[in-house]
Each structure stands twice: as C-alpha cells, then as structure tokens.
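Worksheet: one structure, shown below.
FYI, it's all coordinate maths here, none of it is from the lab. If you're wondering where the values come from, they're calculated on a predicted model, not measured in any experiment. As a convention, Cβ positions derive from the backbone with ideal geometry for all residues, glycine included, and neighbour counts pool all protein chains shown.
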Amino acid sequence: MSNKLPDDVSPETFALHGGYDPARSEGALKPPVFQTSTFVATTAEEMARCFEQAYGLDGQPPRAPDELIYSRVVNPNLQITEERWARFEGAEAAALFASGMAAISTTLLTLLRPGDTVMYSTPVYGGTDYFMEHVLPAFKIKTVSFPVTLSAERIYAKWINMDPRPKVIYLESPANPTLELADLGGMAGAFQGPEGRPLIVVDGTVLGPVFMKPLALGADLVLHSATKSIGGHSDLIAGIVAGPAYLVGQIKAMRTIMGPICDPQTAWLIARSLEDYKVRVEAAQHKALKVARFLQEHDAVHRLYYPGMHPSRDQGERFQQMCSGHGSLMSFRVRGGQEAAYRVLNALRVIKLAVSLGGTESLAEHPRTHTHSDIPLAAQDKMGITPDLIRLSVGLEDADDLIDDLDQALELI
C-alpha cells in the first residue's frame with residue numbers, strides 16, 4: 001500500500017493527510033507533539049549548512065533550513081500545519097505565529113523600513129489600529145488610513161499622489177466590526193500603471209478561505225488570527241500568514257530573529273482543527289443566516305451588518321464578486337443607544353459575553369467599549385462603531401436556541 005498522497009487532492013483531504021508521514025513517527029496515525037527545543041544533527045557540516053540557510057550566510061535570502069535545528073526556527077508541528085494551511089489558501093507557503101498580532105506586526109516590520117508609508121483601511125481590529133497609529137510611527141513609518149468602503153480606483157488615486165508612494169496597502173476585509181468588504185476584487189485592475197504597485201496585504205480572519213480567497217483576487221499576502229475560526233474551539237492563541245514562498249520566506253526569517261513563533265502544542269491543536277475546519281465554518285454559517293434574518297426583522301434592531309445582507313449596493317456587488325459565503329460574524333444596532341446595548345448583552349443566557357469570534361460557542365460584545373475601545377471616539381464615529389452596536393459571533397448551538405435567547409434579551413429594550 002502506497003503512502004504517497006496525490007498532488008491534486010482538495011484542501012479538506014490534505015488537512016487530514018498532508019505534510020506528515022506516519023512511517024517517520026512509529027506509524028502513529030496522528031502526528032505526535034514534538035515537544036523539544038533543539039534537534040540532533042547528523043554531522044557538524046550539516047548543522048553548519050542549516051545555519052547558513054537560516055541566516056542567509058550562503059549568499060541567498062534567509063530561509064527555513066533543510067533540516068531541523070532549533071524550534072525557534074522551525075518545528076515539525078509547525079511544518080505540518082503550515083503546509084496544510086497553505087493548501088487551504090491556494091498559497092505556496094505559510095508561516096505560523098504565536099498570535100494574530102504577532103503575524104501582523106512581524107509581516108509589516110518585514111515589509112517596511114523607516115521612511116516608508118503604509119496605507120490601511122478602517123475600521124480594523126483594535127490591536128491593529130493601535131499598531132498602525134502608535135507603534136509603526138515610533139519606527140518612523142508613516143501610516144495613512146482610508147475608509148474600507150473606498151473603491152479601488154479612489155485608493156489608487158490617493159496612492160499615486162503620495163510622495164513617497166506607500167509601499168504596502170493593508171486591507172481588513174470584511175472589516176471588524178462593521179463587516180464591510182474592501183474593494184479587493186478591483187485592486188489588481190486599478191494598480192496596472194507603469195509606476196508599479198504596492199504590496200497588498202489582507203487580513204481575512206472574518207471569512208477565511210472557505211468563503212473568500214484574497215490571494216486569488218490579487219492580494220500578495222493574506223493573514224489571519226488563527227485564534228478564531230482556524231483554531232475554532234476558543235482554546236488557543238495563534239496567527240498565520242500565507243502567500244508566495246519568497247515573501248513568506250522573508251517573514252519567517254524575521255520570525256526567527258524576533259522570536260514570535262508558535263509553540264508545538266498550539267501548532268498541533270491547529271492541525272487538529274484544520275481536519276474539520278470547512279465543516280465547522282459551513283455549519284456556523286448555516287446557523288448565522290437564520291439568526292441574521294431574525295435580527296433583520298426585529299423591531300428593536302434598526303441596522304444589521306452582515307456580508308451579503310448589507311443594504312449598500314456597492315457592498316452587495318462586492319459580495320457577489322468576491323465571496324462564496326456569508327460567514328458567522330455579524331453586528332447589529334439596537335434602538336436606545338449604549339444603555340440598550342448593554343441591557344441586551346447583560347440579559348443573554350446562551351450567548352456568552354466575551355470577546356473573540358469563530359469559536360464553537362456564540363459570543364457577543366460591545367465594540368465601542370470593548371474590542372475597539374482604544375480608538376478615539378471621534379474616529380469610531382467616522383468608522384461606524386456607534387454606541388448602539390453589538391457584535392455577535394454565531395457558533396454551533398441550535399439556531400432556534402440562539403434566536404430565543406436574542407429575542408428575550410431584545411424584549412428588554
């Protein structure tokens with residue numbers, strides 16, 4: 001019986017079998033956890049060659065060495081998980097990190113240098129906003145924000161008239177917490193002039209590659225908080241970035257030096273979660289659609305934000321162009337302002353009051369005073385993060401139970 005996996009299997013099949021040979025681990029069906037800090041080399045010459053590769057001492061860019069030498073550089077559990085996730089993204093390579101913010105910060109510090117400029121869409125996750133507004137400027141890197149709803153042509157018009165032109169355009173799509181889609185599908189066409197183009201980096205955490213594939217739409221890199229639907233069980237913290245091997249290789253080299261690599265146990269847990277990743281997110285979406293339709297019709301709710309059900313015509317067109325599904329995250333505005341929003345959150349019985357998304361449990365929170373509270377209120381107002389806004393991540397509970405829970409809480413308004 002051959003253990004050779006066909007090259008053209010689907011991501012779901014590869015997530016179960018790819019990147020791992022049981023024969024190399026005593027025939028264990030599942031990969032063991034390689035709980036080791038260092039690895040024994042065959043010869044001193046072989047170890048020297050691996051360090052030359054890791055630090056770029058052989059005249060080539062720094063990269064993952066051919067053999068294992070130290071778990072801050074690479075570990076078998078990371079290799080397995082990275083190979084499997086790259087297949088989901090349709091990418092050449094992936095790099096796993098200790099958190100989503102580690103993936104974001106390491107990626108941007110790899111691509112940018114003092115004097116460079118990065119443009120980024122708003123709203124974004126609160127930690128990302130803080131990194132853009134406070135951390136990068138401390139390194140003499142200029143940051144310029146623009147609304148996520150802006151068309152690719154208008155983004156290009158801003159970019160072309162800046163001096164120096166931004167080296168990176170960073171998009172969070174759908175945006176957290178307004179769930180608005182960036183014009184990612186139009187970016188490749190808008191940036192075709194002789195002046196070149198910036199690198200396009202996309203945070204695709206909310207939908208993931210089951211429902212949107214940024215690399216296929218023209219992005220250079222896509223990253224995720226693997227804490228969310230990739231890990232999927234609210235029991236780990238991690239981040240991941242995927243894209244062409246030459247860019248991911250540079251990011252891995254920076255990861256080696258800065259040290260925010262994912263630990264073996266967490267990498268193992270993510271590999272476990274990838275086995276049912278597609279099934280989980282599709283099931284959560286099925287339930288979320290029922291919840292969204294309920295909220296859309298409820299008298300106490302006066303605005304629903306959910307991919308594919310957004311009232312904006314442009315948003316509807318972007319959804320049709322870029323997305324194959326709605327996902328399980330939504331936000332809605334209740335009548336009565338922040339006091340009413342708090343009343344609803346405090347009355348929930350099944351849905352848990354907690355920050356995060358994409359887990360098996362349904363979670364709700366108040367973006368203005370919770371996840372995005374570090375953003376100045378005036379800026380929140382411009383972004384649509386209003387006092388009456390509630391963010392809801394739908395999990396795997398029975399949809400009718402979730403609807404009943406929301407109904408009894410909304411009745412208190």
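Worth a mention:
- For segment 149-215 and segment 335-410, distance of Cα centres in Å: 28
- Set of aspartates and glutamates with alpha-carbon distance to K213 below 12 Å, sequence-local pairs under 8 removed: E89, D203
- Considering only L150, L96, L215, the mean-square fluctuation computed in a Gaussian network model of the chain, springs between alpha carbons under 10 angstrom, is largest for L150.
- Cα gyration tensor of segment 97-238 - equivalent ellipsoid semi-axes, whole Å, descending: 24, 18, 13
- Ellipsoid equivalent to segment 11-274 - semi-axes via the Cα gyration tensor, in Å: 33, 21, 16
- A cut-off under 14 angstrom between Cβ atoms defines the neighbours of E89, and their net charge, with Lys, Arg +1 and Asp, Glu -1, is -2.
- The chain, dipole about Cα centre (Lys/Arg Cβ +1, Asp/Glu Cβ -1), debye to the nearest 20: 740
- For a straight C-alpha distance cut-off of 12 angstrom, the aspartates and glutamates reachable from K352 (same-chain residues fewer than eight places away being disregarded) are E361, E365, E397, D405.
- The distance between label points at T38 and K352 comes to 4.0 nm (points 7 Å beyond Cα on the Cα→Cβ vector).
- Candidate lysines for bridging to K158, where Cα separation is under 20 Å - those fewer than 8 sequence places away on the same chain excluded: K142, K167, K382
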